Amino acid sequence: MIVHGIELEVLSAGQGRPIVLLHGMTSLAPSAAFPRLLAAHGSVVAPSLPGFGGTARPKDFDTVYDLVHLVRALLDALPGDAVTLVGLSFGGWIAAEVAAAGHPKLARLVLVDPVGIKISDRQTADILDIFNRDPAEVRAAAYHDAPRFAPDFDAMEDAEIVRYARDRDALCLYGWNPYLYNPRLPYWLPRIAVPTLVAWGESDRIVTPAYGRAYAGLIPGARFEAVANAGHHPDIEQPEALAGLIGAFLAE
Amino acid sequence: MQLWFHNENTYPFVPKEITDAATSVRASLPGHLLDPRIAADLFHECMDESLLCDDVGINIVSIEHHSGINSLYGASPIILGALARQTRNVRILSQGTLISLRHDPVRVAEEYATADVMLRGRLDIGFVKSGDSEMASNNANPVGNLERFWEAIDLIAAALKHTDGPMRWEGKHYTHRHINLWPRPYQQPHPPMWAATGDPETSRELGLRGMVNSVVLRGIDGTKRAWGAYRAARAEAGLPEPALDRFAYAAFVYVGDTDEEGVEVGSKLLWFLNTRLKQAPQFSKFLPGRMPPEMAPQVYRTGPRPGETRVARPADGLIGMTAEQAIQRQIMFAGNPDTVFRQIMAAYDTLGGFGHLIFIGRSGYLTHKEAEKGIRLLAKEVLPRVREATRG
């Protein structure tokens, strides 16, 4: 799919109302279960953002500003006039930015363990710094059941590891400083004018459920739902439960 | 040939059980482990070693690193300023500013212009790309580091050259509305510029710009690759062949009265390799932007797959090296004056010559007294012979 001249790697599934799914800190694996489960509730379009997965990054495209404009252009390009935007983790930040800015086609918003805001004092990080902490600590913080779900580089194929490394580079480029948040976003979140679901892995220690409740509290009328037995990636650890939660929200 | 004394001002006095247990001795050891009284002694000893060099005709490298027992020189311009006032004769190479990590290159240009004026034109400016834990210590994005490196160098060169009133800069990484250096540098249009790299792609760009390419501890093969790329880039662009003063080779050097003394004391320098290079995985193998993603499979896995050979970063091969191995790989020259002369000339001949030899002459537990003895012997017994042998 080409948006604003950028050839996006896109995972598509399902039919019906358009659902844009933005990946998190890593791009969605082609074999991922969650997009297919979500497709029971609409026509899912899941792009790999530039630099992530199989999408090349145009020269000098290296800010969240670029990503927000790209997602807005993607919404413009989709059929229909009522799009649901689902953002996981890093993609949740982008989705929240798009929703705060407003888009005429945006009908519903789902944020799953999003990053993007700062709430604690200046010497306390809200978001575990994956570029500054021991990988073993990050791994334990990111999953409810890390041994089962965390990436195992020794078992992964070369292409999967290359993809993972590309994702990590892209995330670092966009999110290094301030670390995965926009200091001004909390001020603008109250502008979000569409029904919003904020879903959170109960065991998430990259960004805790308390942070999630504060996040939801800044969005008018947003509903907070915990996902049991999941960490920062409910789409990986509890794909059925998460898809079910979103499906129920869309049916309301 | 010009000789340059390089000393990182290391602080080896943290108990070994602590450094052994630490995942990253460079960036993360708590500050309470440093005794400021010992640090004060070290700063003065190192300054005295530099002043000795000034007396015996050896140039001085003023270095910058962040942050830990591997080097107490984080605030490089302060050391450069002290050297600018205290020395009288030799050239000072600031190599260097970790330029892609400094948030305001205009300020760096101002520091350099000031130092060059104080030195009455004895300054050389060397840039270092940096990486690893220094990215965290300086809060600098490791992705895009090289882009910032070149833009910062362009900006500093432009700021130093510009003498016609306020200048503007609106680049990708740096913007400034009013650049107008006072004082302007002593040397016109600006002091000679160097960069330290063993990366052939970076060396190519240095070749095109005519900057001095210093190569630090990459041994003969790594140095050949870098300088080969430098020469090739110039040839392809139709530029004249570079003079030997465009190339600097850096190695550990210790001269004793006897071979035994030279090697025994010189081997203390290797502390530098075994300690300073140990870094936590998030600052090394998992640091974004550090290598092409295509290399990640070999680097991320805990071990190579059957039939695979491991690709290591240049520094990995240096950890745990013995004096004999370091001498054999020609990253250390150690022994009596005759031996060291022969070792230097062997490297010189193998590499097709170089105009500068940077010698790491103090590190780790090598004492101030030992360092001064090595400097004196090198200046008196070796340097004249090297100069004679490499003349013309």
Electrostatic dipole magnitude of the stretch B:9-64 [Cβ: Lys, Arg +1; Asp, Glu -1; Cα centre; debye, to 20]:
320
For the pairs B:16/B:268; B:268/B:373; A:59/A:118; B:129/B:161; B:129/B:285, note any where the Cα-Cα span goes beyond 20 Å.
A:59/A:118; B:129/B:161
Expressed as a whole number of Å, what is the distance separating the alpha-carbon centroids of the stretch B:363-392 and the stretch B:206-256?
22
Between the stretch A:1-77 and the stretch A:173-231, how far is it from one alpha carbon centroid to the other, in angstrom?
20
Counting all Cα-Cα pairs in the protein assembly as shown, those more than 51 Å apart amount in percent to 20
Under-5 Å amide H pairs with residue B:93, H placed in peptide plane, nonlocal only
B:60, B:61, B:62, B:124
Equivalent ellipsoid, the stretch A:1-61 (semi-axes from 5 times Cα gyration tensor eigenvalues, Å):
22, 13, 8
In nm, the gap between the two label points placed 7 Å beyond Cα toward Cβ at residue B:34 and residue A:153 is 3.1
How big is the dipole moment of the stretch B:2-390 about its Cα centre under a simple scheme where the beta carbon of each Lys and Arg is +1, that of each Asp and Glu is -1, and everything else is neutral? Debye, nearest 20, please.
780
Farthest positive-ward along chain B dipole, Cα basis, beta-carbon charges - from B:192, B:173, B:375
B:173
Charge dipole (debye, nearest 20) of the protein assembly as shown; +1 at Cβ of Lys and Arg, -1 at Cβ of Asp and Glu
1140
From the helices alone, meaning DSSP H stretches of at least four residues, give me the mean residue ellipticity at 222 nm for the protein assembly as shown, per-run term -39500 (n - 2.57), in deg cm²/dmol to the nearest 500.
-11500 deg cm²/dmol
If the elastic network links every pair of Cα atoms under 10 Å, which of B:25, B:265, B:143 fluctuates the most in the Gaussian network model of chain B?
B:143
What list do you get for A:249, B:359 if you sort them by fewest beta carbons within 10 Å?
A:249, B:359
Can you find, among B:300, B:274, B:42, the residue sitting farthest towards the positive end of the charge dipole of chain B, where Lys and Arg contribute +1 and Asp and Glu -1 at Cβ?
B:300
Neighbours of residue B:148 by Cβ distance under 11 Å: Lys/Arg at +1, Asp/Glu at -1, summed charge 0
Tell me which residues come under 5 Å, amide H to amide H, from residue A:106 once H is placed; ignore anything under 5 positions away on its chain.
A:83
Pop out the ³J(HN,Hα) list for the stretch B:89-99 in order, Karplus 6.51 cos²θ - 1.76 cosθ + 1.60 with θ = phi - 60°, rounded to Hz; leave Gly and Pro as x.
10, 8, 8, 10, 9, 7, 9, x, 5, 7, 5
Can you tell me the relative contact order of chain B? Whole percent, Cα pairs under 8 Å, sequence separation 6 or more.
20
Relative contact order for the stretch B:1-63, counting Cα pairs under 8 Å that sit 6 or more residues apart, in percent
66
How much of the DSSP bridge set in the stretch B:2-390 is antiparallel, in percent, rounded to the nearest 5?
10
Per the 1/(1 + (r/R0)^6) rule, R0 = 35 Å and r from the Cβ atoms of residue A:33 and residue A:76, FRET efficiency to 0.05 is 0.75
Residues with amide H under 5 Å from that of residue B:278, placed H, sequence gap 5 or more:
B:25
Inter-chain shielding of B:291-304 (mean C-beta neighbours from other protein chains, 10 Å cut-off)
5
Other chains' Cβ within 10 Å of A:150-161 residues: what's the mean?
3
The stretch A:2-251, relative contact order [Cα under 8 Å, separation at least 6], %:
22
Ordered by residue, what ³J(HN,Hα) values in Hz, to whole numbers, does the stretch B:65-75 give under the Karplus form 6.51 cos²θ - 1.76 cosθ + 1.60, where θ = phi - 60° and Gly and Pro are x?
8, 10, 9, x, 5, 6, 5, 8, 8, x, 9
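Laboratory data are not the source of any read-out in this text; all were calculated from the coordinates shown. Just so it is clear, the model here is predicted, and its values are computed rather than measured. Note that we place each Cβ from the backbone using ideal geometry, even for glycine, and neighbour counts take in every protein chain shown.
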